[in-house]
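Beneath this line is the structure, given in structure tokens, with notes to follow.
Please treat every number below as a calculation from the coordinates, not as lab data. Note that the structure is a prediction, hence the values are computed from the model and not measured. Neighbour counts run over all protein chains shown; Cβ positions are idealised from the backbone, glycine included.
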Amino acid sequence: MYLTSNTYQIARVQDALLTACKLANVFLVNGIAISMVMKYADNIVKVYSTSVAMLLTAVVSVFLFGFNLTLAFFLGATQVIEIPFNNFLYCWNKS
């Protein structure tokens, strides 16, 4: 069975719509799962997870878009990574 050009275009549009619906469902399910976790998380965990997400986004953008990281980024990333450890050590030594 051969597809004519018109039915082929309709099939491509349907495939694109199906792919868009699948992606939307993935994003929706991810958003709901993250919101359920963040609802019960401590404020420090929320801030740290947001910071780590920004760091990962910056690192991924280097590979995908050729983004150049600066010294300020590295200093900020170092602080983001260091602060939870310092907080944990402070709480550990406090008790």
### Query
What are the residue pairs meeting all of these: first residue in region 51-80, first residue farther than 23 Å from M38 by Cα, second residue in a helix (DSSP H, G or I), Cβ atoms under 8 Å, and 6 or more apart or on different chains?
F67/A58; F67/S61; N68/V62; L69/A58; L69/V62; F73/A58
### Task
Considering only residues that are surrounded by 10 or more Cβ atoms within 10 Å (Cβ to Cβ) and of a type in the set (G, A, S), look in region 2-34 and name the one that is nearest to the chain's Cα centre (by Cα).
G31
